[in-house]
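The values are calculated or read from the model by the stated rules, or taken from the named source; none is laboratory data. Being a predicted model, the structure only gives us computed values, none of them experimental. Virtual Cβ from ideal backbone geometry, glycine too; neighbours counted across all protein chains shown.
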Amino acid sequence: MSTLIAVLLSLATIVMIVGLARKARQYRATPAPLKIPVTPAPKTTGGVVLRLAKEVIFFASLFRSNKWTWLFGWMFHVGLALAFIRHLRYVIDPDGMLGFMWPLISLEVVQSFGKYAGFAMVIGLLGLFARRILVARVRYISAPSDYLMLLLIMFIGFSGLMMSFVSHVDIVGVKTFMLGILNLDLQELPESAPLMIHLSLVALLGFILPVSKLLHIPGVFYAPTRNQVDNPREKRHLSPWAAKYDATRGSDKNAAAQ
């Protein structure tokens, strides 16, 4: 079982990283022929960076759109971020290459908030799941995959809380196992049903993520309605593929004039 879990986690990590990189490259190469930032939009590059930061950290446009959806969505994402930071202690060796991060990760405040952030994560997911069922217009456009994705992440959170507060796991053994994967020196995984379920579901999420709606993770940075400067009067907007065509047409016109 230790070998199987190690192989699944390794493959899922590779699929997730390669898949996300591939989709980010595809988003970057997609033509954006129109200047379509949602107004009021920033008129400088610094303003665009600030706007994207507010979207990623505070979900600014969602807050203006629907307060309840913002509340549950923000709870889930903040809980997930804190839990992720807490989980870094399992894959970072204090004496390794990333050891400089250890003083921050090992802080008691980080570990405590990360431990209880699982509750915020699960509560947020329950709210988003209820929204899919109770709001008619959202239910109408929801596919089975939307419900299954929420349930998958919810059970990951449930199994994590189970290990923290009900069926405790040997965290030293878990860290030894994870570092063994990274160092290609496989170690035994502590025997625990919630741990097996937790890691299996995490691996499943890694396989699914590059082909799911969770691609908004890199996609938000490539959305032309958010990442464009509002300067159509000051500067002509020309996407790279159109610029090449425009340059060719311009040279043809010059040759014809001569």
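Below is a table of values for the structure above.
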| read-out | value |
| --- | --- |
| Evaluation of Val7 against (1) within 21 Å of the chain's Cα centre (by Cα); (2) at pLDDT 95 or above; (3) among the hydrophobic types (A, V, I, L, M, F, W, C) (one fails), failing number | (1) |
| Residue count for region 15-31, restricted to those that are touching a residue at least 60 places away in the same chain (Cβ under 8 Å), surrounded by 12 or more Cβ atoms within 10 Å (Cβ to Cβ) and not charged (D, E, K, R) | 6 |
| Those residues of region 84-122 which are charged (D, E, K, R) and modelled with pLDDT of 80 or more, in sequence order | Arg86, Arg89, Asp93, Lys115 |
| Evaluation of Leu34 against (1) of a type in the set (A, V, I, L, M); (2) surrounded by 14 or more Cβ atoms within 10 Å (Cβ to Cβ); (3) over 16 Å from the mean Cα position of the chain (by Cα) (one fails), failing number | (2) |
| Out of Phe58, Phe113, Phe100, sole residue that is over 18 Å from the mean Cα position of the chain (by Cα), aromatic (Phe, Trp, Tyr), exposed (fewer than 14 other Cβ atoms within 10 Å of the Cβ) and over 22 Å from Pro210 (Cα atoms) | Phe100 |
| Leading residue by the ranking (modelled with the lowest pLDDT) among those in region 175-190 that are in contact with an Asp or Glu (Cβ under 9 Å, 6 or more places away or on another chain) and in a loop (DSSP other than H, G, I, E, B) | Asn183 |
| Helices (runs of 4 or more DSSP H) lying entirely in region 201-258 (those with 1 or more residues that are of a type in the set (D, E, K, R) and modelled with pLDDT under 90) | 240-257 |
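Table: residues versus (1) touching a Phe, Trp or Tyr at 6+ places or on another chain (Cβ under 7 Å); (2) touching a residue at least 12 places away in the same chain (Cβ under 8 Å); (3) surrounded by 17 or more Cβ atoms within 10 Å (Cβ to Cβ); (4) not β-branched (Val, Ile, Thr).
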residue: Asp185; (1), (2), (3), (4): no, no, no, yes
residue: Leu195; (1), (2), (3), (4): no, yes, yes, yes
residue: Leu204; (1), (2), (3), (4): no, yes, no, yes
residue: Val211; (1), (2), (3), (4): no, yes, no, no
residue: Gly219; (1), (2), (3), (4): yes, yes, no, yes
residue: Tyr222; (1), (2), (3), (4): yes, yes, no, yes
residue: Thr225; (1), (2), (3), (4): no, yes, no, no
residue: Gln228; (1), (2), (3), (4): no, yes, yes, yes
